[in-house]
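Here's the structure we're looking at; comments come further down.
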Amino acid sequence: MSRLEQLFIKKKKNILNIYCTAGFPALNSTLNIISLLAENGADIIEIGMPYSDPLADGETIQSSSNKALSNGMTIHKLFEQLKNFRSQNSFLKNKGVVLMGYMNPVLQYGFEKFCADAANVGIDGLILPDLPEHEFETEYGAIIKKYGLDFIFLVTPETSEHRVRKLDKLSSGFLYAVSSSATTGKEKDFNAVEIYLQKLQSYQLKNPVLVGFGIKDKQTFTTACKHANGAIIGTAYIKTIENSNNIEETTKSFLQSILN
């Protein structure tokens, strides 16, 4: 049973997934930040692999990606930083840790090598929004499975029920419900989001559902969790740490404001 499966068995509601960009705000920030997130109550940590042309990301996360790239972050460097990360901090031992990124740099790195190296350092799953389902089924899914990694597909309010069910069937770990078709960081109409999540809930899907895009504080987190297993916060956290003089304190107070 994967670490993500175990997590959702132990805790069925109010799962908090926090996104951070590898190599931001400084090249060597990553291990410290994921440790702080784990210590302060994040259940899943989603590490963004910076890329120069991220489709789904809004201005804040794009800007953090650009900074990380200019800091010198690469996939190779990230795997070096993550070596033995679970044994370096007891809080990270049982946390879900997933990599989020785009196909271009992964293919340049070598897809199978990427999966092997991700599994080897202790990564649980992958989110690659621009990997088409057909290519997943015919080529890449088998490689991902070979290395024991979960793969998380994204669905939006415009995704048909038939396609939601198909992507749920192909996914493992959890299903990522994008709250709207806009990019990350945009204001959302949470009444519309609630209706969408109720609809997903009515499908009785195989995977737990986490909601992302527009979750930024206790209120939006609580609303998202009403009809889903949890939520993903990215832009709001990146904004909090980008000009912080004390990332430890900033991270602690940010997570407390969501969870307490």
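The values are calculated or read from the model by the stated rules, or taken from the named source; none is laboratory data. What you see is a predicted model, and the numbers here were worked out from it, not measured in a lab. Don't worry about glycine lacking a Cβ; one is built from the backbone with ideal geometry, like all the others, and counts go over all protein chains shown. Each accessible area value is taken on the protein alone, full model and side chains, heavy atoms only, with ligands, DNA and RNA left out. Shrake-Rupley method; radii C 1.70, N 1.55, O 1.52, S 1.80 Å.
With both partners inside the stretch 1-157, how many of the DSSP beta bridges are antiparallel, as a percent to the nearest 5?
0 percent
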Q | Tally of Lys pairs whose C-alpha atoms are under 25 Å apart, taken over the stretch 158-260, 8 or more apart or cross-chain | A | 29
**Q.** Which label in [x] -1.16, -1.28; [y] -0.92, -1.08; [z] -1.01, -1.15 gives the computed log10 I(q)/I(0) by the Debye sum over Cα atoms at q = 0.14, 0.15 Å⁻¹
**A.** [y]
Q: State the percentage of accessible surface on the chain attributable to carbon and sulfur atoms; use a 1.4 Å probe and exclude ligands, DNA and RNA.
A: 48 percent
Q: Could you tally the net charge around SER65, taking each other residue with its Cβ under 15 Å from the Cβ of SER65, Lys/Arg +1 and Asp/Glu -1?
A: -3
Q) Local charge sum around ARG163 (other residues, Cβ-Cβ under 15 Å, Lys/Arg +1, Asp/Glu -1)? A) 0
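Could you work out the local net charge near LYS95, counting Lys and Arg as +1, Asp and Glu as -1, over the other residues with Cβ closer than 13 Å to its Cβ? Can you show the working numbers first?
Values: positive: ARG3, LYS10, LYS11, ARG86, LYS93; negative: GLU39, ASP43, GLU46, ASP124.
Combined, the nearby Lys, Arg, Asp and Glu give +1.
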Q: Treat every Asp and Glu Cβ in the chain as -1 and every Lys and Arg Cβ as +1, leave all other atoms uncharged, and give the resulting dipole magnitude about the Cα centre to the nearest 20 debye.
A: 800 debye
